[in-house]
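Chemist: Got a structure for you, written out below as structure tokens; questions coming shortly.
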Amino acid sequence: MVRQRLPLLLSIALLFEVVAISGIPLFRQFQDPDFFWHLKSGEWIWEHRALPDEFLFASPPPTMPAVVQRFTMTSYWVMQILFHLTHAAGGMVGLVALRFLLYTLLLLAIVRVKDGDNLVFLGLLVPAVVIFSQYTVERPQYVSFVFFGLLLQLLQGIRSATSRAACLAHCAAVPGLMLLWANCHGGYVVGLGIMAAWLLAESIKRLHPTLSPLPPERLRLLLGTGAAGFLASLLNPNTYHVFEVALRPSGGPAFIVEYLSTPEAFRLSAAPWILVFWALLGLVVAALAFSWRRPDLTILTLVALTGYFAFTTVRFVPFFVLGALFVLGRIFSAPRLVGRSRIAIATAGLVLGFLFLGEAAKAYQGIPRSTRVSEFHFPVEAADLVQSEGLQGELFNLYSWGGYLIWRLAPREVFIYGAIGDRSLFDLHRLILAGESGDTHGLPFWKAQFRGRGIHATVTPVFDPQSGELFGLLPALIADPAWKPLLVSPTTVVFAEDTPGNREAIRRNALPRAEFYRNLLECCAAIIKVRPTYVQAHIARGDILLLIGDQAGALRTFEEALRISPRHDIARARVKQLRGR
């Protein structure tokens, strides 16, 4: 009796895990740095009834080609308007509701791709939702995942439809899908690439009957559909110029995980979900090995392409997951395998899901905060100050904060934000943040850059979250009499230059040096109280103590950092330096 009920019990348990893990992306606080500039861009497009030709809310880098600027600012316009209208109608609650809609559409696309035994499918769905939970739902890229799943369903439908009418219905849907996709997100280029590979594989099958080629009429319909989909995708603001951009190097900053390969990302973050991806990749290879006698060239092409790009670039992992579900469900549901595979795959999925239930529980506990912007990730208090005091001039800001500051403070310009993937500007941002002091026309490098760009205020972190070291710009600003600290919070420090436009704000908010240092130390202490093992906060506290001349206190702090992380190079170097004095 128990053995007979086992598939049902496993199905119920797997469904529970799928629902539970789905809460991770749905109930987290708003913390994606790119979402906010998309939201503000949608507002600008809606108000102006036009698409921008260059970067909004920041000075365009002179090295950025016009075609790249236009692509960046116009390739998401449908989704950006949707974000804006949703926020205008329902605020942050509306945006959470939009999360649910997009996530539901993704699950529906996955279910429609399903091909095979239900229990096998549920066992594979658990690792899929684990991986998808790591991607922010409220970004235009999420709709690319949805459309990719729909495209796979349509292409397979053209191959396997049992009637001409059903086949024609699938053919007719492809151009419409590509038209909408091309105006929502630039990821439609991935769809075009997979569609071209699919058509090529099906055409090659005509070379020999053992490859199970499609009937000539069905192949002609498939090729015509591909051509129509390609032409429809050109009906977007960038037409064929999108391919110029797609062939350029991404130029993404090296610390952004989505630009890294999965081995690089795992080395930096040790994220467990990457192990899940590798396991799924290995399972696909094993499944294809089981079916080597009758390989499907189209399926091999699909998983080879998506697998390669997913392994080498994190942002492509979800495309592989959708392809993997399509392939694995079919192979492990084959009559000679399903008897042995369904319980094994379901059990493996159940165990894997159990490992992520703790993260899911935290997500559900955070439901009351899910409609808020994360103050840990963004300078909320600093934006309030800049807005209320009307600080003048362009803002110098942390790269990942630019989008949020644009949303809060536009039309004020920021120094850099996520849309501007210009390597030279990012390197300049890094040098300024480090407080580069090389002489430039009689001024420190950072100050000469500020003068040249009209920067009269800064919104930056106190310390580097990776190393814990104080950003070099902080002591440089403290030492410059023209710059005054106005705010210190656990994540942010605000400085303003003493200019006529900022003078009243400085008079009301400037912190005396002793109070400024005291606030810095209190903020570090607050972080340490919440996260006692966060060694970076200990490093920052020790560096602040060194700034004020308390070497004994700094030594104790660095020694505590070493107790927490005995191999921390910076803590070890600081202790060695102080003990040697």
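All of the numbers you see were taken from the coordinates with simple rules; none came from a lab. This structure is a prediction, so every number in the text was calculated from the model and none was measured. With ideal geometry, Cβ positions are generated from the backbone for all residues, glycine too; neighbour counts draw on all protein chains shown.
Chemist: Any residue at all in segment 52-68 that's free of Cβ contacts under 8 Å to residues at least 40 places away in the same chain and of a type in the set (D, E, K, R)?
Modeler: yes
Residues are listed down the side, and each one gets a yes or a no for (1) touching a Pro at 6+ places or on another chain (Cβ under 9 Å); (2) touching a residue at least 12 places away in the same chain (Cβ under 8 Å):
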site: L154; (1), (2): no, yes
site: S163; (1), (2): no, no
site: A166; (1), (2): no, no
site: G176; (1), (2): no, yes
site: W181; (1), (2): no, yes
site: C184; (1), (2): yes, yes
site: I194; (1), (2): no, yes
site: P215; (1), (2): no, no
site: R218; (1), (2): no, yes
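Chemist: Kindly indicate whether I528 is buried (at least 18 other Cβ atoms within 10 Å of the Cβ), more than 29 Å from the chain's Cα centre (by Cα), free of Cβ contacts under 8 Å to residues at least 24 places away in the same chain and in a helix (DSSP H, G or I).
Modeler: No; evaluated as a whole, the condition is false for this residue.
Chemist: Continuing with this model, one more query. Got at least one residue in segment 95-111 being of a type in the set (S, T, N, Q), surrounded by fewer than 19 Cβ atoms within 10 Å (Cβ to Cβ) and farther than 25 Å from T306 by Cα?
Modeler: Applying the first criterion (of a type in the set (S, T, N, Q)) to segment 95-111 yields 104.
Still in the list and also surrounded by fewer than 19 Cβ atoms within 10 Å (Cβ to Cβ): 104.
Keeping just the survivors that are farther than 25 Å from T306 by Cα gives none.
Scanning segment 95-111 turns up no residue that is of a type in the set (S, T, N, Q), surrounded by fewer than 19 Cβ atoms within 10 Å (Cβ to Cβ) and farther than 25 Å from T306 by Cα.
Chemist: Count, please, the residues in segment 132-146 that happen to be crowded, with 21+ Cβ neighbours inside 10 Å, not in a loop (DSSP other than H, G, I, E, B) and not small (G, A, S).
Modeler: Step one: filter segment 132-146 for residues crowded, with 21+ Cβ neighbours inside 10 Å, giving 132-133, 137-138, 140, 142-146.
Cutting the leftovers down to not in a loop (DSSP other than H, G, I, E, B) gives us 132, 142-146.
Still in the running and not small (G, A, S): 132, 142-143, 145-146.
The qualifying residues number 5.
Chemist: (1) surrounded by fewer than 16 Cβ atoms within 10 Å (Cβ to Cβ); (2) closer than 26 Å to A20 by Cβ: which one isn't true of A348, the others all being true?
Modeler: Going through the list (1) surrounded by fewer than 16 Cβ atoms within 10 Å (Cβ to Cβ); (2) closer than 26 Å to A20 by Cβ, A348 breaks only (1).
Chemist: Could you grab the pairs with beta carbons closer than 6 Å, sequence gap of 6+ or different chains, first residue in segment 489-505 and assigned to a strand (DSSP E or B), second one among the aromatic types (F, W, Y)?
Modeler: The qualifying pairs are F495/W483; E497/W483.
Chemist: H441 fails exactly one of the following numbered conditions: (1) over 25 Å from the mean Cα position of the chain (by Cα); (2) buried (at least 17 other Cβ atoms within 10 Å of the Cβ). What is the number of that condition?
Modeler: (2)
Chemist: Here's something else I'd like to know. Name the residues in segment 36-55 that are charged (D, E, K, R) and part of a helix (DSSP H, G or I), would you?
Modeler: Filtering segment 36-55 for residues charged (D, E, K, R) gives 40, 43, 47, 49, 53-54.
Answer for segment 36-55, where residues must be charged (D, E, K, R) and part of a helix (DSSP H, G or I): K40, E43, E47.
Chemist: Out of R218, R267, R206, I need the residue that is in contact with a Cys (Cβ under 9 Å, 6 or more places away or on another chain), of a type in the set (D, E, K, R) and part of a helix (DSSP H, G or I). Which one?
Modeler: Just one listed residue meets the conditions, R218.
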